[in-house]
Amino acid sequence: LKFIFGPCAVPALDLVDQRSVTRVTSPSGRILYQVLGSSGKLYTCYSSCHFCTCPAFGFSVLQKSESLLCKHLLAVYLSQAMGACQELTVSEEQLTSILLAEEEDEG
């Protein structure tokens with residue numbers, strides 16, 4: 001994993017070991033992932049479109065094209081493969097609140 005994903009592989013495995021990945025689903029079938037980062041901040045990841053809200057993703061992946069993904073997104077993919085995601089079902093209103101709270105943090 002480290003050969004393919006570089007320096008984010010070990011921290012991503014740590015996040016999986018700590019069960020920091022939560023799969024959030026709504027009744028309509030929408031799915032997102034929340035990852036509790038090592039700093040204690042909660043990041044939202046979308047595996048369907050390969051996106052994370054963390055600053056490292058924005059800088060290293062989107063701006064610099066130095067990495068394929070961040071440790072949070074890799075942790076999501078690894079958790080999916082290993083069946084190690086925590087599960088949380090929320091209402092459509094709760095999902096909207098999660099998405100709006102993330103937007104406010106960025107703005």
If you scan the stretch 1-42, which residues turn out to be of a type in the set (Val, Ile, Thr), open to solvent by less than 20 Å² (accessible area, probe 1.4 Å) and within 14 Å of Cys70 (Cα to Cα)? Val16, Val21, Val35
Pick from Cys45, Cys49: which is outside any helix (DSSP H, G or I), surrounded by 13 or more Cβ atoms within 10 Å (Cβ to Cβ) and of a type outside the set (Asp, Glu)? Cys45
Residue pairs within 7 Å by beta carbon, gap of at least six or interchain, first lying in the stretch 3-25 and part of a helix (DSSP H, G or I), second basic (Lys, Arg), listed first then second, are Cys8/Lys71; Ala9/Lys2; Val10/Lys2; Pro11/Lys71; Ala12/Lys71; Leu15/Lys71
If we scan the stretch 50-69, do we find a residue that is touching a helix residue (DSSP H, G or I) at 6+ places or on another chain (Cβ under 8 Å), on the phi < 0 side of the Ramachandran plot and without any contact (Cβ under 8 Å) to a residue 12 or more places away in the chain? yes
Quick one: how many residues across the stretch 57-80 are open to solvent by less than 50 Å² (accessible area, probe 1.4 Å) and out of contact with any Ser or Thr (no Cβ under 6 Å at 6 or more places or on another chain)? 10
Quick one: what pairs do we get from the stretch 89-100, first residue modelled with pLDDT of 95 or more, second in a helix (DSSP H, G or I) and open to solvent by 40 Å² or more (accessible area, probe 1.4 Å), C-beta under 9 Å, 6+ apart or different chains? Val90/Ser97
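The values are calculated or read from the model by the stated rules, or taken from the named source; none is laboratory data. Keep in mind that this is a model prediction, so the values were computed, not measured. Reconstructed Cβ throughout: ideal geometry from the backbone, glycine too, with neighbour counts over all protein chains shown. What goes into the accessible areas is simple: the full protein's heavy atoms, side chains included, and nothing from ligands, DNA or RNA. Shrake-Rupley method; radii C 1.70, N 1.55, O 1.52, S 1.80 Å.
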